[in-house]
Structures are given as C-alpha cells and as structure tokens.
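Just so it is clear, none of the values below were taken in a lab; they were calculated from the coordinates. Here the structure is a predicted model, which is why all the values come from computation and not from measurement. A quick note on method: Cβ atoms are made from the backbone with ideal geometry, for glycine too, and the neighbour counts reach across all protein chains shown.
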Amino acid sequence: MTIFPKIINLSFLSLFKRFASVGVISCLLLFNCTPVFADVWNKWESFSEDYKDNEGVEDYVWKEGSKQLPDYPQDKDLLEISGPPSYRNYQYLIDGKNLSVGADGVVRYSIVIRSPSGSDNVMFDGIRCSKRHMKNYAYGTTDMEGKKKFIQRENPVWKPFRSSGVTGYGPILARNYFCNFESTILTRHEIIQNIKYGKGRVDGLYIN
C-alpha cells in the first residue's frame with residue numbers, strides 16, 4: 001500500500017521538474033529575444049523614416065489641361081507615319097504644325113487617314129504615354145459652304161489603345177514616335193524628329 005504514494009509522488013515531482021524547466025527555458029528565450037525584436041523594430045522605424053517613398057501620393061489627382069481645337073490640317077504641314085499593317089494601302093499623316101505636348105503629359109495631334117481613293121478621315125486626338133490611353137476630341141467634316149473644320153465630340157473619354165481596325169494607330173504612335181519605352185512622354189521637337197527621320201537616340205542632339 002505504501003508503494004503507490006511513492007510512485008505518485010515521484011511522478012508528480014518529475015512532471016513538476018519538466019514543467020519548471022520548460023518555464024525557465026521559455027522565460028530565458030523570452031527575455032533573450034525581447035531585445036532582439038526591439039532592436040529590429042527600432043531599425044525598421046528608422047528605415048521607414050529615412051525611406052518614405054511618395055509620401056502623400058494619394059493626395060495627387062491627375063487633371064487634364066485645357067485645350068482648344070486646332071486649325072484644320074493643311075497638306076503642306078502633313079508628315080507621313082507608319083499605319084497599322086492591315087492598312088498599308090492607306091496613308092497616315094500627322095499635322096506637324098499643330099502637334100503639341102501639354103504640361104499635363106498629353107500629346108495632342110491631328111491625324112489624317114487617307115484612303116486609296118483619296119478621301120480623308122481627319123481626327124484630333126490625345127495620347128497619354130504613362131497610361132497607354134488615347135482620346136478622340138474631334139473629327140473633321142466639311143460644312144454646307146465647303147469649308148473643312150473640326151466638330152468637337154461631346155464628353156469624350158480616355159480609352160485603352162486598340163491595335164485593330166483603321167483607327168488602331170495608338171500603339172504605333174506611342175512606340176515609334178511619341179513615347180520613350182511607351183511610358184515617358186517626349187518633347188515636341190523629339191517627336192517631330194522621330195516622325196521625319198525615324199526613332200533613334202532621344203538625347204536632344206537632333207539637328208533641325
């Protein structure tokens with residue numbers, strides 16, 4: 001009868017020692033690790049203070065600048081560009097005189113799409129290199145008196161580039177003429193040089 005209490009006491013003591021040792025080790029680990037985590041956190045706080053990137057960027061909202069319709073393109077000011085591959089028998093011509101690069105990052109231009117029969121489709125567009133979007137502001141028409149002019153579209157919207165159809169010239173303009181790596185807008189001078197002589201180094205060293 002006296003054997004069981006001894007066994008129970010021994011078992012209790014062994015369990016107590018195990019839990020006690022685990023507790024001691026846990027405490028040691030806790031107190032040893034706390035300074036480490038505190039040091040890492042302090043370093044992170046210092047890092048985040050030194051390298052705050054684009055702070056307040058959520059406060060920036062892009063706004064399109066004011067614009068006005070340009071003069072209707074004249075043949076003497078037209079510069080030929082490459083069109084969509086499926087429409088090689090069409091001529092694509094940019095009005096070099098009225099092409100502009102706005103402070104809002106939009107390239108605005110008039111484009112003439114001349115069919116093989118000689119009829120023209122004329123549009124006034126804008127391109128945003130950073131977003132790969134374009135907008136059609138107006139289209140050309142001839143009034144009752146035979147005068148050619150632009151008609152402004154109501155509530156035009158920005159749309160992603162399209163690469164199909166006769167108006168699928170947005171990616172071509174961005175890649176070959178207007179944008180650097182299709183994201184950074186070029187100057188008006190660089191764009192005109194790209195149209196005239198082909199896209200090369202964009203370093204301001206072109207000769208007029």
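Across region 117-134, coupling constants 3J(HN,Hα) worked out from phi with the 6.51/-1.76/1.60 Karplus curve, θ = phi - 60°, read 7, x, 7, 10, 10, 10, 9, 10, 10, x, 10, 10, 4, 5, 10, 6, 10, 9 Hz, and Gly and Pro carry x. For the residue pairs LYS76/LYS159; LYS97/LYS196; LYS67/LYS135; LYS131/LYS199; LYS148/LYS196; LYS131/LYS159, alpha carbon separations beyond 19 Å are given by LYS76/LYS159; LYS131/LYS199; LYS148/LYS196.
Arrange the peptides 95-107, 115-127, 166-178, 143-155 so that the one whose residues have, on average, the most other Cβ atoms within 10 Å appears first. Could you put the intermediate results ahead of the total?
Values: 95-107: 17.2, 115-127: 15.6, 166-178: 19.8, 143-155: 9.8.
Those peptides, ordered most packed to least, come out 166-178, 95-107, 115-127, 143-155.
Kirkwood radius and radius of gyration were both taken over the C-alpha atoms of region 75-197, and their ratio Rg/Rh is 0.95.
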